[in-house]
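Reading through the structure tokens given below for one structure.
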Amino acid sequence: MRLVPVKYLRVGSIIATDVLEDTGTLLIKKDQEVDAQMIQSLKSLGLSNVYITDQFCYVSNEDVYQRDMNVLYGHFRELRDIGKRVMNNATGITEIKRSYQIANDVITEVRKHGDFRLMYEPPKYFGDDYIEETIYMAIIATKLGMLMGLARGDLTNLFVATLLRDIGLISPKLFQVVENVEEHPLIGADFLEKTYKLDKGVIRTIREHHEVADGTGFPNSLKGKQISKLAHILGLVEKYFELWGDYDPVLNSQHAFNQKLKATFRKYDIEVLRYFLANIELFPLNTMVKLSDGNEAVVIKQVYFNFFSPEVGLIDRRTGEMGRKLSLVDNPTIRIANIIYYIS
């Protein structure tokens, strides 16, 4: 299956996974063919992306990529409701404790399925992009913490901190007192500490999650080891999601985006970055790409530590079948020029 933004979705595409509303109601059933009315419904509901399947999905990847989606789906509505109540200062310690229990459940689920790939997951289900993306971000940050060998208590704090990291920005009550956007980590952390007496690890992570190892972050321009390990992890994962969220492969060069990623990565903690780069999946399997030599291809194998250069299968335009396999590591003069969603 292959992820396609709804704004680029074409009539006649085949949906690869069930599409749900935020109530859990089935909106579009798997294997259904897309028509114009369906596309309009997806747009009106605010759904950003869907998975499709076609003859160019050369690799069986459904089970792999649905693992994180299943974790998300199991906890989305409850975490969304807790988040909204916290934003409006309408929740109690019971709900906050429940978020810790959910964090522990997620840690157990991720360890059980053993999938530690780190990849950007755009919103694709519920029409509430911020909440969905935040939960994905919390899952990825927790995976990175697991790869680094963090203790379970630290993993729990990391998950909860990711969920609540921007409370100073998104809470109407708190945003009224934010005079400078760069103050929001302090205001949010202070509010959560005084109101809910959260673990010090959560509070420090939220307070420092916009600090960067080279000292160019905010609000206090901390450097290196002045920043907690959890904040280093959350900061890197959030920035990665932010860069992907602002990127439109149709309108922007993949090479320019890659250069932006490289420049950004240099700012972050080297230990965290090493684990991140060893496990990042920049181009998910079945991503359709345009190569710099003019060929169209599909990503068929990841190459970790060389994530800009996966192995691809060239598309035979006459048959739609996969032609020869091409290692971009072994052919450094050829690079991915753009992600594409359909053959033109």
What residue, of V50, V64, V110, is crowded, with 19+ Cβ neighbours inside 10 Å and part of a helix (DSSP H, G or I)? V110
Filter the strands (runs of 3 or more DSSP E) completely within segment 238-344 down to those with at least 1 residues that are under 30 Å from M148 (Cα atoms) and in contact with a Pro (Cβ under 6 Å, 6 or more places away or on another chain). 296-301
If you go through E242, E281, the only one that is under 18 Å from the mean Cα position of the chain (by Cα) and touching a residue at least 40 places away in the same chain (Cβ under 8 Å) is E281
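Could we say that T17 is hydroxyl-bearing (S, T, Y) and under 23 Å from L79 (Cβ atoms) here? If you could, list the steps in order and put the result at the bottom.
Numbers: hydroxyl-bearing (S, T, Y): yes; under 23 Å from L79 (Cβ atoms): yes.
Yes, satisfied.
Being β-branched (V, I, T), under 23 Å from P122 (Cβ atoms) and not assigned by TED's automatic domain parsing to the domain that holds V237 is the requirement here; does I334 meet it?
Details: β-branched (V, I, T): yes; under 23 Å from P122 (Cβ atoms): no; not assigned by TED's automatic domain parsing to the domain that holds V237: yes.
No; evaluated as a whole, the condition is false for this residue.
Do we find a residue being over 19 Å from L79 (Cβ atoms), surrounded by fewer than 24 Cβ atoms within 10 Å (Cβ to Cβ) and either without any contact (Cβ under 8 Å) to a residue 12 or more places away in the chain or not assigned by TED's automatic domain parsing to the domain that holds D269 (or both) anywhere in segment 154-163? Don't jump to the end; show me each part of the working.
At the first step, the residues of segment 154-163 found to be over 19 Å from L79 (Cβ atoms) are 154.
Now restrict to residues that are surrounded by fewer than 24 Cβ atoms within 10 Å (Cβ to Cβ): 154.
Now narrow it down to the ones that are either without any contact (Cβ under 8 Å) to a residue 12 or more places away in the chain or not assigned by TED's automatic domain parsing to the domain that holds D269 (or both): none.
Within segment 154-163, none of the residues are over 19 Å from L79 (Cβ atoms), surrounded by fewer than 24 Cβ atoms within 10 Å (Cβ to Cβ) and either without any contact (Cβ under 8 Å) to a residue 12 or more places away in the chain or not assigned by TED's automatic domain parsing to the domain that holds D269 (or both).
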May I ask you to say which residue of G215, G201 is assigned by TED's automatic domain parsing to the domain that holds T162 and assigned to a helix (DSSP H, G or I)? G201
Could you tell me which residue of segment 161-198 is modelled with the lowest pLDDT, considering only residues that are under 21 Å from L234 (Cα atoms) and not in a helix (DSSP H, G or I)? S171
Which numbered condition R77 fails, given (1) assigned by TED's automatic domain parsing to the domain that holds K200; (2) of a type outside the set (A, V, I, L, M); (3) out of contact with any Gly (no Cβ under 8 Å at 6 or more places or on another chain): (3)
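Rundown of residues vs (1) buried (at least 17 other Cβ atoms within 10 Å of the Cβ); (2) not hydroxyl-bearing (S, T, Y), yes/no style:
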site: I270; (1), (2): no, yes
site: R274; (1), (2): no, yes
site: L277; (1), (2): no, yes
site: I300; (1), (2): yes, yes
site: F305; (1), (2): no, yes
site: I315; (1), (2): yes, yes
site: S327; (1), (2): no, no
site: D330; (1), (2): no, yes
site: I343; (1), (2): no, yes
Looking at (1) more than 21 Å from the chain's Cα centre (by Cα); (2) without any contact (Cβ under 8 Å) to a residue 60 or more places away in the chain; (3) surrounded by 14 or more Cβ atoms within 10 Å (Cβ to Cβ), which is the one condition that is false for D293? (3)
Within the bounds of segment 227-236, is there any residue that is under 18 Å from G153 (Cβ atoms) and in a loop (DSSP other than H, G, I, E, B)? yes
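The values are calculated or read from the model by the stated rules, or taken from the named source; none is laboratory data. Keep in mind that what you see is a predicted model, and the values were worked out from it rather than measured. Methodologically, a virtual Cβ is constructed for each residue, glycine included, from the backbone with ideal geometry; neighbour enumeration extends over all protein chains shown.
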